[in-house]
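Report on one structure; see the data block that follows.
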Amino acid sequence: MGGKVAIVADRVSWEERQLIDRGPEHGLEVEWVNDEALCLGDEDADALKSYDVVLIRSRSYTRGGLLASLAEAARIPVLNTAAVIQACENKLALRVLLRRAGVPVPDFRLVLSRQDFRKALAELPFPLVLKPIFGGMGKRVTLLRDPDTANSVYDYVEDLGHAFEQACLVEPFLGGGSVRCLVVGREIVATARFESNGTDWRNNAAIGSHHSVVERDAPITRIVDAVVEQLGGGIYGIDLFRTGDGYVVNEVNHAPGFRAVATTSGVDVASAIGRYVREVLG
Amino acid sequence: MTQMLAGACPECETPLSTPPMIQGETMSCPECLLTLRVDEVQDGTLVLQVVEVQLRDWGQ
């Protein structure tokens, strides 16, 4: 029963420092491993061989899934798994997965071209949100209040260098903030409401939002359980929007920042992760 | 008394002195304001590398 944990990331931020500091309380020796210098591929490579488990904490959505795949190929347990990371990093793939399982998600249209965009504007009521399929931290997520602005905004999307970056979702704007649920294993360990701070309509913690305590009620537990049922146990930041018909799942972060939720809720999320890692290791 | 660590900014060569830091943590150079990551700590000396504040594919 080893306890050596690699945190794979490009740097140690608040969350990683918490995980490193709390590790010994759970019999874990947690170390940072630079995600840009692993050169994985050889199944017998030394880079991660000495670790009993790898925690993927890359901020880069390019790196996380790729590194998880190769760490698994080298027979090292990885949290979250490559399959889960690859499902979560692609907003469309995740929505398809959840919708097929009957888990409510926002209505959306896939936009790959100006033609798609025009059709999406015709089919969905304003205000709308345009967001990249690959991306996070609220970057390029745009609130479209009217058709004139929308068409000009799409000019900028067309100017992006690669089709990969141009792939977007258009969806109805579901205002009123979101509920962020931190899941460790299969349980919700902390929740918080994220709302705009008044200077930016977006409510991502990375942008600077207002956070408040939110009661973990039965509808929240029910929808989060349904997500975990599809993804399996892991470490997730599940983002919910409230609608007139109940909650819908906006997205799931596979390497969630948890500073805002931990501070707001008063929950020691790093210790919860430490306990879970210990459980996974046996 | 906290033992301070010493280093120099790899960009502007400004001498730096910090409270204990671990590998992977970052700091700003007070002179050129670049973000520096601690790649190693050798006998109380920081080995620092300039890193991006943000990359285009950051998303989690």
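When the GluC sites (Glu not before Pro) in the stretch A:203-282 are filtered for DSSP coil states and for at most 10 other beta-carbon atoms within 10 Å of their beta-carbon, the remaining sites are A:GLU215. Look at the Cα gyration tensor of the protein assembly as shown: its axes a ≥ b ≥ c give a/c of at least 1.5 with a/b over b/c, and that counts as prolate.
Shielding of peptide A:8-17 by partners, expressed as the average count of other chain Cβ atoms within 10 Å per residue Cβ, is 4.
What lysines could a cross-link reach from A:LYS119, if we take a straight Cα to Cα line under 25 Å and drop same-chain neighbours fewer than 8 places away? A:LYS119 reaches A:LYS91, A:LYS131, A:LYS139.
If Lys and Arg each add +1 and Asp and Glu each add -1, what is the summed charge of the other residues whose beta carbon sits under 15 Å from the beta carbon of A:GLY232?
Residues near A:GLY232 contribute -4 overall.
For the stretch A:110-172, the dipole from Cβ point charges (+1 on Lys and Arg, -1 on Asp and Glu) about the Cα centre works out to 140 debye, to the nearest 20. Inter-label distance, B:VAL47 to A:GLU36: 1.6 nm, where each label sits 7 Å from its Cα along the C-beta direction. Remark: the stretch A:18-26, residue by residue, has Karplus-estimated 3J(HN,Hα) of 4, 5, 5, 5, 7, x, x, 4, 10 Hz, where x stands for each Gly or Pro and the curve is 6.51 cos²θ - 1.76 cosθ + 1.60 at θ = phi - 60°. Listed by chain and number, the lysines placed with their C-alpha closer than 19 angstrom to that of A:LYS49 are A:LYS4; residues fewer than eight positions away on the same chain are left out. For the stretch A:69-110, applying the loop criterion from DSSP together with a ceiling of 14 other beta carbons within 10 Å to the trypsin sites (Lys or Arg not before Pro) yields A:ARG75.
In the protein assembly as shown, taking the dipole from charged Cβ atoms about the Cα centre, the farthest positive-side position among A:ALA163, A:SER13, B:GLN54 is held by A:ALA163.
Could you check how many percent of all C-alpha pairs in the stretch A:110-172 are farther apart than 17 Å? Intermediate results must be reported in sequence, preceding the final value.
On the way: 562 of 1953 pairs.
Above the 17 Å cut-off, the stretch A:110-172 has 29 percent of its Cα pairs.
For chain A, the dipole from Cβ point charges (+1 on Lys and Arg, -1 on Asp and Glu) about the Cα centre works out to 520 debye, to the nearest 20. Principal-axis analysis of the Cα atoms of chain A puts helix A:114-123 at an angle of about 70° to the longest axis. Once you sort the root eigenvalues of the Cα gyration tensor of the stretch A:1-90 as a ≥ b ≥ c, which label holds: rounded (a/c under 1.5), prolate (a/b larger than b/c) or oblate (the other case)? Cα axes put the stretch A:1-90 in the oblate bin.
We did not get these values from a lab; they are worked out from the coordinates using the rules stated. Since we're looking at a predicted model, the values are computed, not measured. Every residue, glycine among them, receives a Cβ derived from its backbone with ideal geometry; neighbour counts consider all protein chains shown.
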